[in-house]
């Protein structure tokens, strides 16, 4: 047997997935609220998520309901119908587009059979994050989110595999499958106690990460450089934009959640101002609360920024709904009051890019660009500089002669209207970026 034939035999085919969505007719409260995305379009996104996770989607079903069934989510009759499709299509995993309760998951696993895994959107996203987390910080964050998600869902059927694998990467390979990557499994009697201890340990480790990030942000503050954070729906083109702005080579791919770890690069604006631009994890509708909590240290890069660039995919048919999902997440992390520039990206994919440019008349602080071709990038840089200057505040201070570094800092980043040298120091009156004012007030005694 040739080496090539041997390799072909050892590579298992992708797991076969079946998707289930629900169109809620009159259940307006909580996480099942209708109106943002039609179920059919939400399933299209779920299919892309499944593809990103390495699954082969072989079928899907949409049901209309007023509210979730307390035991099976979709009702016993519909669950039996799905079970028939599972057997006919030889499905390995059934994925629901809404979050299932532990009871739902247990009951559906019983109906579909022990060989079929049941996942919800949250579990699928966590699995993708486990595949894409490469740094130690990313692995810690994903592992914490996975444990907190799985703890209430532990059942005896989960004790068949050893709970020994670590979160991150494709742990377990083809035999592990979706839903078993990351934290593994031990006996149910001791699992919960062990997992709770591990959760506590991960939270302590992430607090150290958070403190480390805070020190780095403080160092950047002392440099006097404004910070700009890229936010947006997953696959909107944030990493491509960072590369175009800075000349960096951040990894990019046409898939959801291609990059998780924040990356910061220096960017020079037209007037010579240097800013630090940070690419952050992409957002998505129904973003799992476990991820928002676990990625708190990373998302603080957004909260602490001086300016946000909200990057949208102008070519996407649901771009407005995607934008609403982004702003919802910004509210959840308390970043909704930061100044924002709306960046309509990928206009090169539009039949008439001028349509997007004309649409900007109705959007404040907006720029249409193509991060791929470079169209509009000069306008974006100029707009960033203008917004940062508009955020400057009147500030007058007497700086002692011993603090010539602060005089230089004011000259470099402020707008000086008057400067006088007296017996006690240098009196400067002008305008200073708001984020620098505490630095002056805190160091002058």
- prompt: In percent, how large is the relative contact order of the range 392-443, given Cα pairs closer than 8 Å and 6 or more residues apart?
  reply: 45
field: Label point 7 Å beyond Cα of residue 207 along Cβ direction - residues of the range 282-301 with amide nitrogen under 19 Å
entry: 293-300
query: Which log10 I(q)/I(0) values, to two decimals, does the range 12-125 give at q = 0.16 Å⁻¹ under the Debye formula with one point per Cα?
result: -0.68
- request: May I ask you to derive the relative contact order of the range 93-143, considering only C-alpha pairs under 8 Å and at least 6 residues apart, and to give it as an integer percent?
  value: 38
message: Pairs of alpha-carbon atoms within less than 8 angstrom and 6+ residues apart define the contacts here; what relative contact order does the range 305-436 have, in percent?
response: 19
query: If you take the Cα Rg of the range 392-443 and divide it by 2.2 N^0.38 Å, with N the number of residues, what do you get?
result: 1.00
- request: Would you mind getting me the FRET efficiency between residue 320 and residue 423? Use the beta-carbon distance for r and R0 = 41 Å, nearest 0.05.
  value: 0.10
task: Assuming 0.692 mPa s and 37 °C, estimate D for the range 224-390 with Stokes-Einstein, Rh taken as the Kirkwood radius over Cα pairs, in µm²/s.
output: 208
query: What order do you get for 193-202, 298-307, 278-287 when each peptide is scored by the mean count of other beta carbon atoms within 10 Å, highest first?
result: 278-287, 298-307, 193-202
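Here, each number is a calculation from the coordinates, and none is a lab measurement. Values in this document were obtained by computation on a predicted structure and should not be read as measured data. Cβ coordinates were reconstructed from backbone atoms using ideal geometry, including for glycine residues, and neighbour counts include every protein chain displayed.
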